[in-house]
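Here's the structure we're looking at; comments come further down.
What follows is calculated from the coordinates using simple rules that are stated; it is not laboratory data. Keep in mind the model is a prediction, meaning the values are calculated, not measured. Please note: Cβ atoms are built from the backbone with ideal geometry, for glycine as well, and neighbour counts cover all protein chains shown.
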Amino acid sequence: MFEIQNVNETNFQQAFNFLNSVPSIATIDNEILKNGVIVFLQNKVIASISFEIFDNVGLIRYFVFKRDLDNIVLNHLLDALTDNAIKMNIKKLICVADNEQIEDLFKEFNFKTLDKKIFINEEEVSKSNFSNSNFLFKDI
């Protein structure tokens, strides 16, 4: 049976270790991880999602899950993250989709394509490493 939990003092190390086992994650920001939600299966973390706060916007980070995880569980995970965001006065969640599969997944969860110019560190995204990525959002 799956169990979804907010990242807290009790499970923080398990969440950290799960993300640390992912080769593509070079560093883990503890403050961002603390905004997260994790999924347990038989006392083992199998999914994680978190957000970084920019004013009233949450930029989704650390969205990692086992490939065979059902979309229903992922939807519950995202609902729990949304609940956290609301409690923190976040008005919008944004994600960066660097491939079609992730974009389709977020669209399934009612995210919409963000069509305006986006800047990261004062650089327009179209001129950055994210030039081939799509940005999606969900008002909450």
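With contacts taken as Cα pairs under 8 Å and at least 6 residues apart, the chain reaches a relative contact order of 20 percent.
Put the Cα centre of the stretch 8-26 next to the Cα centre of the stretch 63-96 and the gap is 17 Å. Taking other Cβ atoms within 10 Å as a rough exposure proxy, 113, 27 sort from fewest to most as 27, 113. Residues whose amide H falls under 5 Å from that of residue 57, counting only those 5 or more places apart or on a different chain, are 91, with hydrogens built in the peptide plane.
With N the number of residues in the chain, Rg(Cα) / (2.2 N^0.38 Å) evaluates to 1.02. Extending 7 Å from Cα along the Cβ direction at residue 29 and again at residue 69 yields two label points whose distance is 2.0 nm. Of the DSSP H helices in the chain, those that are both long (alpha-carbon extent of 15 Å or more along the helix axis) and hydrophobic (Kyte-Doolittle mean at least -1.0) are 71-87. Scaling against 2.2 N^0.38 Å puts the C-alpha radius of gyration of the stretch 1-47 at 1.08.
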